[in-house]
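Asker: Can you keep this structure in mind? I'll have questions shortly.
The values are calculated or read from the model by the stated rules, or taken from the named source; none is laboratory data. In this text the structure is predicted, and so the values were computed from the model without any measurement. No Cβ is skipped: glycine too gets one built from the backbone with ideal geometry, and neighbour counts run over all protein chains shown. Note: areas computed on protein heavy atoms with side chains; ligands, DNA, RNA excluded. Shrake-Rupley method; radii C 1.70, N 1.55, O 1.52, S 1.80 Å.
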Amino acid sequence: MPDRNANEKPLPFSRPFTVARAAAVPFEMRLEAEEDELERLAGFLDVDAVTALAADLRITPFRREGVRVRGEVKAHIVQSCVVTLEPIESDLAEPVDATYLPEQSRQFRRKVNEEGELLVDPEGPDDPEPFSGSEIDIAAVVIEAIGLAIDPYPRKPDAELPPDVSDEDDEGEATAEKESPFAALKDWKGGGEE
């Protein structure tokens, strides 16, 4: 599994797991991020701070060749309110359920239409992820789960724009309407007919 996302941004930390370790019996794993990893993770997730990240996972065999990773990820993050810019602390808890098969596996059952486009059922289970070599990166699963749980527009419950800011916006819209090249045409309708 690559340690980069679609934008080629390197992951802030890695936890390789050899798939063969879970080939016969389930493997219990606890992942906790170190302080320097938390700092890099905050930058990666574009939040003010990540003060804790831990995951309790169970890794089991999947279709004899792959593995299934299930469990829960918890994190404590700090973000800035989009209205007041004050810090907002959040506790996140997200379930993890991901499956992996070797990239050369014949067990991939990808559904395609006549044009060869991949068909995905948004309500169905996720397809297994391919991996190369003998390892998967457990950190990538954990980071993805937390990244998807973060509120992109955090707002304090009582946060409101100051009245003078919203009034300025209304005045700006009125001015823009008056200065529009079509504003003069609005009053011209009818063009002198009585």
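Asker: Kindly provide the set of residues from segment 52-68 that are in contact with a Ser or Thr (Cβ under 9 Å, 6 or more places away or on another chain) and open to solvent by 30 Å² or more (accessible area, probe 1.4 Å), ordered by number. So that I can check it myself, show each step before the final result.
Answerer: Within segment 52-68, the subset in contact with a Ser or Thr (Cβ under 9 Å, 6 or more places away or on another chain) is 62-63, 65-68.
Hits for segment 52-68 are PHE62, ARG63, GLU65, ARG68.
Asker: So, one more: When you scan segment 35-51, how many residues do you find that are within 10 Å of GLY147 (Cβ to Cβ) and open to solvent by 80 Å² or more (accessible area, probe 1.4 Å)?
Answerer: Looking only at that region, the number is 1.
Asker: Okay, next question. Looking at (1) of a type outside the set (D, E, K, R); (2) within 15 Å of GLU144 (Cβ to Cβ); (3) out of contact with any helix residue (DSSP H, G or I) (no Cβ under 8 Å at 6 or more places or on another chain); (4) loosely packed, with under 15 Cβ neighbours inside 10 Å, can you tell me which one GLY71 breaks?
Answerer: Tallying (1) of a type outside the set (D, E, K, R); (2) within 15 Å of GLU144 (Cβ to Cβ); (3) out of contact with any helix residue (DSSP H, G or I) (no Cβ under 8 Å at 6 or more places or on another chain); (4) loosely packed, with under 15 Cβ neighbours inside 10 Å, GLY71 fails exactly one: (4).
Asker: For the list (1) part of a helix (DSSP H, G or I); (2) within 30 Å of SER105 (Cα to Cα); (3) open to solvent by less than 90 Å² (accessible area, probe 1.4 Å); (4) touching a strand residue (DSSP E or B) at 6+ places or on another chain (Cβ under 9 Å), I need the number of the one condition that ALA20 fails.
Answerer: Evaluating ALA20 over (1) part of a helix (DSSP H, G or I); (2) within 30 Å of SER105 (Cα to Cα); (3) open to solvent by less than 90 Å² (accessible area, probe 1.4 Å); (4) touching a strand residue (DSSP E or B) at 6+ places or on another chain (Cβ under 9 Å) leaves (4) as the failure.
Asker: Next up: With the structure loaded, tell me whether PRO26 is closer than 21 Å to PRO154 by Cβ, out of contact with any Leu (no Cβ under 7 Å at 6 or more places or on another chain), open to solvent by 50 Å² or more (accessible area, probe 1.4 Å) and not β-branched (Val, Ile, Thr) or whether it fails that test.
Answerer: So PRO26 does not fit the description; no.
Asker: Filter the strands (runs of 3 or more DSSP E) completely within segment 74-182 down to those with at least 1 residues that are over 30 Å from ARG21 (Cβ atoms) and either at pLDDT below 90 or open to solvent by less than 50 Å² (accessible area, probe 1.4 Å) (or both). Break it down stepwise before answering.
Answerer: Numbers: elements: 87-102, 129-131, 135-137.
Hits in segment 74-182: 87-102.
Asker: Before we move on, is ALA55 in a strand (DSSP E or B), within 20 Å of ASP137 (Cβ to Cβ) and under 16 Å from the mean Cα position of the chain (by Cα)?
Answerer: Numbers: in a strand (DSSP E or B): yes; within 20 Å of ASP137 (Cβ to Cβ): yes; under 16 Å from the mean Cα position of the chain (by Cα): no.
No.
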